[in-house]
Amino acid sequence: MGILKSADSSVLVNGSPTYTFKCEKGTRQGDPLSPFLFLVVMEALSCMIDNAKEAGIIKGIDTPSNGSNISHLLYSDDAIMMGEWSRNEVVNIRCFHICSGLKINIEKSNLYGIGVGTAEIGGDGQGGGM
């Protein structure tokens, strides 16, 4: 490991060396392993949310005709969290990013209230940022 960390490397292209770079470990964007690692993390997050729902920390929403209770949907690199409209529910859902180590992109996040007045959401009529 000491040799790899202290050494500079370069690649020969048509017999000529390219610029030098340090050898490092880790995954990069586009790495074939990245989607698998994301799925492992999302599975862990899903289990955490299910456990919180069973403990009564978050409630989710009930579907009609005695259907399932849904608290979250995960697709690709997006997550949709659903729950009862209350400040406590929102705070509990936002705490998941602390527990999971994932970051919430506030610029891409919205908070929508169904059957709730815009003044209670944030007053902008657009769902309000989180």
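What follows is calculated from the coordinates using simple rules that are stated; it is not laboratory data. Please read these numbers as outputs of a predicted model, since none were measured by experiment. Positions of Cβ are backbone-derived with ideal geometry, glycine not excepted, and every protein chain shown enters the neighbour counts.
Tabulated values for the structure
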| read-out | value |
| --- | --- |
| Cβ-derived FRET efficiency at R0 22 Å, Lys22 paired with Tyr75, nearest 0.05 | 0.05 |
| Mean Cβ count within 10 Å, highest first, over the residues of peptides 39-50, 55-66 | 39-50, 55-66 |
| Nearest-0.05 FRET efficiency for Phe36 and Val11, computed from C-beta distance (R0 25 Å) | 0.40 |
